[in-house]
Amino acid sequence: MGSSVACQLAQRADFSGRIVVVEADPSYQTCASARSAASIRQQFSTAINIEISLFGIAYLRDIGKWLTVDGEQPEIGLHEGGYLFLATADKEQILRDNHALQIAHGADTALYDRAGLAQKFPWLTTEDITSGCHGLSGEGWFDGYGLMQAFRKKARSTGVEYIAARADRIERHGGDWTVGLSNGERISAPVLVNTAGASGGAEICRQAGLDVPIRTKKRCVFTFDCRERLPSFPLLIDPNGTYVRPEGTGYICGSAPPADQDPDCEDFEVDYELFETHIWPTLAHRVPAFETIKTGPAWAGSYDMNLFDHNAFVGGVPGLDGFYLALGFSGHGLQQAPAIGRGMAELITTGHFETLDLAPLGIERLTLNRPLIERNVV
Ligand SMILES: Cc1cc2nc3c(=O)[nH]c(=O)nc-3n(C[C@H](O)[C@H](O)[C@H](O)COP(=O)(O)OP(=O)(O)OC[C@H]3O[C@@H](n4cnc5c(N)ncnc54)[C@H](O)[C@@H]3O)c2cc1C
C-alpha cells in the first residue's frame, strides 16, 4: 500500500514534493502483501468495494501501462478464473442481494440454482446448496508479491526514496509531522501517510493521538495437489467460509478459525489442526475428488482486521492535519492497492478524490458509529 501510494503520487505531473517510504523490513518477509492469497473479486456486499475492485482489475489487466520500467513490463500472472460463492437456503437471499448490487455497479457475476451449478461444475457436491454466484470475468488471482515489487520498482524509478528503518516515534511540530527512526535519524514532512499495515499501523495512529480498532489476525494458507483434473476450477467459497483455488498445478486453501479462537497474531506458526479438523473435511465434502490429496507447504500471515466493520480506513483524519490513513483492509487489501494508491495520490495533491470517491472509507464513520459492514469477508 505504501509503495502504491508513493508510486502513484510520484506519477502525477502536478506533484513536485519529495517522497520517502520508511520500511522496517525491506526483505518484506512477514508483511501481509508477501503472504497474501492475492486474489481479486467483484463479489462484495458494499458498492465502494465493488467499484474499487473494478478499478483494480482494469489496472492489473493493463499493468504494463502503469508500471513498466525501462521497457520491462511487470509479470503478475493475472488469471481470471472467477470466484464461486455458494449459499445454503438460509443465506440465499444475501447472495441474491449482493448479486443485484454487483450487477448494478457493472460487475460481471452470474447466479446459478442447484441444477445450474451441477451442470457447470460437475465435480461439486450440490445437494446441500441452493444457489451460487460466479464471476464470469474480472475476478481471479495474481502474483501479489510481484505486484508489490512492481509498485516499489516503479516508485524508485520515479525518484521515490526508500529508507530501511522502523518509524519509532511520531510527533507533530508546527505544521509538520516528525518521524523518529530506528536508525537514529529524524525526518519531517507536512504529509504523513500511515500504511504500516496490521503490524505497525495501529501503533502509529496511537502516537498521533488516534485509537483505531485494527488488530492482527492469523490466517493460514495450505497447499495441496490432487491427482484428478478439475477443469476451470474457480476460487470456490464454501458456505462455511472455507476457500480453495488453483495455484500452479495444485491448489491453495484456507479458512478463518472460529471467532472465539481467533486471538491477535503473535507468531507465524501454522495451525495444522485447523486444516485437519475443519478445512480438509469441508473440501472433501464439497469436492469429492479432494478426499485424496497430497498436502504441501503451508504458511501463516497476518490479516489487518478492522474490528469495527471489516473495511479499511482511507483518507485524512479530522483534527490531524496532514495525517492520512490507508489501513485495516481486513483481508482484501492487495486487490485494493491500485485504487487506494490512486485515490490517496489525488487527495494529497488536490485535496479531493477524483477517479473514485473513497469517502465511504473515511475514518469519520468510526466517530459517528456508522459502520460500513462488509458481509463478504473471506
Ligand atoms: C493469508 C492472507 C491472505 C490474503 N488474501 C488476500 C486476497 O486474496 N486478496 C486481497 O486483496 N488481499 C488479501 N490479503 C490481504 C492483503 O494481503 C493485505 O490487506 C495487504 O497486503 C495489506 O497491504 P499493506 O501494505 O497495508 O500491509 P503490509 O503488506 O503488511 O505492509 C505493511 C508494511 O509496513 C511495515 N511497517 C510496519 N510498521 C512499521 C513501522 N513502524 N515503521 C516502518 N515500517 C513499518 C511492515 O514491515 C510492512 O512491510 C491476504 C492477507 C493474508 C495475510
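The values are calculated or read from the model by the stated rules, or taken from the named source; none is laboratory data. Please read all numbers here as calculations on a predicted model, not as lab measurements. All Cβ positions, glycine included, derive from the backbone under ideal geometry; neighbour counts span all protein chains shown.
Overview of results
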item	result
Selection count, region 160-175, where residues are within 30 Å of Trp66 (Cα to Cα) and within 11 Å of the ligand (Cβ to nearest atom)	6
Residue match in region 217-237 (condition: modelled with pLDDT under 95 and either aromatic (Phe, Trp, Tyr) or within 26 Å of the chain's Cα centre (by Cα) (or both))	yes
Any hit, region 151-174, residues being over 16 Å from Arg18 (Cα atoms), without any contact (Cβ under 8 Å) to a residue 12 or more places away in the chain and surrounded by fewer than 16 Cβ atoms within 10 Å (Cβ to Cβ)	yes
Given (1) more than 17 Å from the chain's Cα centre (by Cα); (2) more than 14 Å from the ligand (Cβ to nearest atom), number of the condition Ala47 does not satisfy	(1)
Residue selected from region 69-123 under the condition free of Cβ contacts under 8 Å to residues at least 12 places away in the same chain and of a type in the set (S, T, N, Q), by the criterion farthest from Asn240 (Cα to Cα)	Gln73
Residue, surrounded by the most Cβ atoms within 10 Å (Cβ to Cβ), within region 64-93, restricted to residues that are under 27 Å from Ser255 (Cβ atoms) and over 22 Å from the mean Cα position of the chain (by Cα)	Ala87
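A quick yes/no check of all residues on (1) touching a strand residue (DSSP E or B) at 6+ places or on another chain (Cβ under 8 Å); (2) in the same structural domain as Leu235 (by TED's automatic domain parsing); (3) modelled with pLDDT under 95; (4) more than 9 Å from the ligand (Cβ to nearest atom):
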position: Arg152; (1), (2), (3), (4): yes, no, no, yes
position: Ala155; (1), (2), (3), (4): yes, no, no, yes
position: Thr158; (1), (2), (3), (4): no, no, no, yes
position: Trp177; (1), (2), (3), (4): yes, no, no, yes
position: Ser182; (1), (2), (3), (4): yes, no, no, no
position: Arg186; (1), (2), (3), (4): yes, no, no, yes
position: Ala198; (1), (2), (3), (4): yes, no, yes, no
